[in-house]
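The values are calculated or read from the model by the stated rules, or taken from the named source; none is laboratory data. Just so it is clear, the model here is predicted, and its values are computed rather than measured. Neighbour counts are summed over all protein chains in view; Cβ atoms, including those assigned to glycine, are modelled from backbone coordinates with ideal geometry.
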Amino acid sequence: MAQATVGRPRPRTAVTGLGLVTPAGIGVEANVDRVWSGRPTADRTAELDGLPVDFSCRVPGFDPVALLGRRTAWRMDRASQLAVQAARLAVADAGLDPAVWDGARVAVVVGTSLGGWNTVEREHGAFLADGSAMVSPLLMVMGPVNMTAGYIAMDLKALGPNQVVSTACASGNTAIGYARMLLETGACDVAIAGGTEAAMSPTAMASLARAGALSKRLDDPRGASRPFDADRDGFVAGEGAALLVLERLEDARARGARTRALIAGFGASADGHHASAPDPTGSGAERAIRAALADADLGPQDVAHVNAHGTSTPLNDVTEARTIRRVFGDGPAVTSTKGVVGHLLGAAGAAEAAYTVLAVERGEVPPTANLGRQDPEIEVDVVAGEARPIKPLAAVNNSFGFGGQNAVVVVTPA
């Protein structure tokens with residue numbers, strides 16, 4: 001593998017592998033089938049019985065013992081379990097073999113918002129109920145947010161730069177942007193980047209419900225996540241992990257790898273406005289979008305598709321739509337895949353980046369599920385009903401998080 005050197009042209013970043021473990025299924029094919037057909041995944045969740053909102057989007061059929069082995073799975077929080085499996089799938093999809101690669105040249109950058117929240121909550125409950133003798137000694141290697149990146153390194157012998165970034169619901173996009181920087185500076189030759197989240201605990205969900213963030217459509221969970229719809233009333237929380245394998249394009253071509261698409265630009269900003277509400281002017285989001293386009297050396301006219309943050313909340317969807325229209329006019333086809341998989345919190349940006357890569361690769365945008373009547377205040381071209389073909393141009397993936405943190409990725413055809 002070639003290392004970047006001073007004076008060389010800025011290298012292009014290829015996406016050579018995708019690993020998806022989401023409510024739409026495990027693996028790329030399962031996700032394409034569910035997301036591109038627009039079939040929502042939200043359902044009643046036993047762990048949330050008795051709460052004001054008792055449904056969420058969970059990964060179906062995920063058996064960590066069967067997939068990872070008992071000794072590996074039992075010492076990980078579910079967020080790490082999902083991520084390790086997604087990383088394995090991404091590396092296999094890229095045609096790479098950890099048994100023979102130079103692990104010191106492989107970086108891991110994972111985004112997460114809450115890390116091992118479930119483990120912390122469980123062990124805190126044990127402490128309150130039965131005292132310190134019942135707290136697991138594994139708590140401190142399961143709960144901290146850094147452990148997911150560490151476990152991926154252990155599992156795949158990825159021994160280069162290893163870190164976790166946390167920018168709330170923008171974490172996955174932020175991780176991809178930072179991993180791309182590592183490749184460009186020559187700090188690594190392969191980067192495993194994306195996000196994970198599995199914090200659907202009673203306490204976390206009770207807090208989001210009390211804050212008014214979650215949909216209260218208790219009689220219709222499957223119809224609850226409805227981005228850009230006039231009747232939306234909040235998001236549906238979900239869990240999942242999405243990891244991408246990134247390489248310099250010249251390295252990918254040299255080894256004969258398939259390139260699904262290119263990560264051509266990254267932009268980030270802060271609203272500096274409110275702890276949870278977006279800046280109603282959309283100025284922070286707009287700065288991130290324009291920065292990502294400038295980084296890609298592209299203009300708004302070069303973009304055919306926007307995968308919107310599209311949370312299904314009243315404030316976000318209107319603010320984001322106005323920002324998209326201000327930057328792009330009425331040109332690009334807009335979608336929000338949260339209608340199918342819900343809001344994956346710290347993993348949302350990474351999963352949606354993967355869906356954006358697939359949209360560019362397939363030349364087809366998935367529909368926004370549950371969009372029956374578009375809010376008249378949302379004056380953008382939202383794809384609904386069925387998938388839509390697009391021109392072979394760039395696509396933009398928006399991610400915005402609590403704290404006013406924004407991260408945008410630009411994807412172009414290979």
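Structure notes:
- Unique match (being out of contact with any Asp or Glu (no Cβ under 6 Å at 6 or more places or on another chain), at pLDDT 95 or above and on the phi < 0 side of the Ramachandran plot) among GLY160, GLY125: GLY160
- Options ASP93, ASP63; residue that is within 28 Å of ALA206 (Cα to Cα) and of a type in the set (Asp, Glu): ASP63
Residue-wise test of (1) among the hydrophobic types (A, V, I, L, M, F, W, C); (2) in a strand (DSSP E or B); (3) crowded, with 19+ Cβ neighbours inside 10 Å; (4) touching a Phe, Trp or Tyr at 6+ places or on another chain (Cβ under 8 Å).
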residue	(1), (2), (3), (4)
GLY61	no, no, no, no
LEU67	yes, no, no, no
ARG71	no, no, no, no
LEU82	yes, no, yes, yes
ALA86	yes, no, yes, no
ALA92	yes, no, no, no
TRP101	yes, no, no, no
ALA104	yes, no, no, no
ALA107	yes, yes, yes, no
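- Residue in region 312-342 that is surrounded by the most Cβ atoms within 10 Å (Cβ to Cβ), counting only those that are under 18 Å from THR281 (Cβ atoms) and touching a Pro at 6+ places or on another chain (Cβ under 7 Å): ASP317
- Residue match in region 369-376 (condition: in a strand (DSSP E or B), buried (at least 24 other Cβ atoms within 10 Å of the Cβ) and in contact (Cβ under 8 Å) with a residue 60 or more places away in the chain): no
- Among the residues of region 353-361, none qualifies, meaning not one is charged (D, E, K, R), on the phi < 0 side of the Ramachandran plot, surrounded by fewer than 24 Cβ atoms within 10 Å (Cβ to Cβ) and without any contact (Cβ under 8 Å) to a residue 60 or more places away in the chain.
Yes or no, residue by residue, for (1) modelled with pLDDT of 95 or more; (2) out of contact with any strand residue (DSSP E or B) (no Cβ under 6 Å at 6 or more places or on another chain):
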residue: GLN3; (1), (2): no, yes
residue: VAL6; (1), (2): no, yes
residue: ARG12; (1), (2): yes, no
residue: ASP33; (1), (2): yes, yes
residue: THR41; (1), (2): yes, no
residue: VAL53; (1), (2): yes, no
residue: CYS57; (1), (2): yes, no
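- Qualifying residue in region 351-360 (condition: touching a helix residue (DSSP H, G or I) at 6+ places or on another chain (Cβ under 8 Å) and farther than 12 Å from ASN307 by Cα): no
- Among (1) in contact with a His (Cβ under 7 Å, 6 or more places away or on another chain); (2) surrounded by fewer than 23 Cβ atoms within 10 Å (Cβ to Cβ); (3) modelled with pLDDT of 95 or more, the one test that ARG290 misses: (1)
- Qualifying residue in region 123-144 (condition: of a type outside the set (A, V, I, L, M, F, W, C), under 18 Å from the mean Cα position of the chain (by Cα) and outside any helix (DSSP H, G or I)): no
- Restricting ARG325, ARG362, ARG388, ARG373 to those that are under 19 Å from GLY17 (Cα atoms) and charged (D, E, K, R) reduces the list to ARG362.
- Of the residues making up region 145-163, those that are part of a loop (DSSP other than H, G, I, E, B) and not basic (Lys, Arg) are VAL145, ASN146, ALA158, LEU159, GLY160, PRO161.
- Qualifying residues in region 224-280 (those that are closer than 28 Å to ALA369 by Cα and modelled with pLDDT under 95) - the one farthest from the chain's Cα centre (by Cα): PRO280
- Per-region count, region 204-233, residues crowded, with 22+ Cβ neighbours inside 10 Å and at positive phi: 1
- If the condition is being in a helix (DSSP H, G or I) and more than 17 Å from the chain's Cα centre (by Cα), then region 317-340 contributes ASP317, VAL318, THR319, GLU320, ALA321, ARG322, THR323, ILE324, ARG325, ARG326, VAL327, PHE328.
- Qualifying residue in region 140-154 (condition: within 30 Å of ARG258 (Cβ to Cβ), assigned by TED's automatic domain parsing to the domain that holds LEU67, crowded, with 21+ Cβ neighbours inside 10 Å and among the aromatic types (Phe, Trp, Tyr)): yes
- Residue tally, condition basic (Lys, Arg) and touching a residue at least 60 places away in the same chain (Cβ under 8 Å), over region 64-96: 3
- For region 295-311, filtered to residues that are within 16 Å of LYS391 (Cβ to Cβ) and of a type in the set (Gly, Ala, Ser), the residue that is surrounded by the fewest Cβ atoms within 10 Å (Cβ to Cβ) is GLY299.
- For region 341-365, the set of residues classified as touching an Asp or Glu at 6+ places or on another chain (Cβ under 9 Å) and not in a helix (DSSP H, G or I) consists of GLY342, LEU344, listed by residue number.
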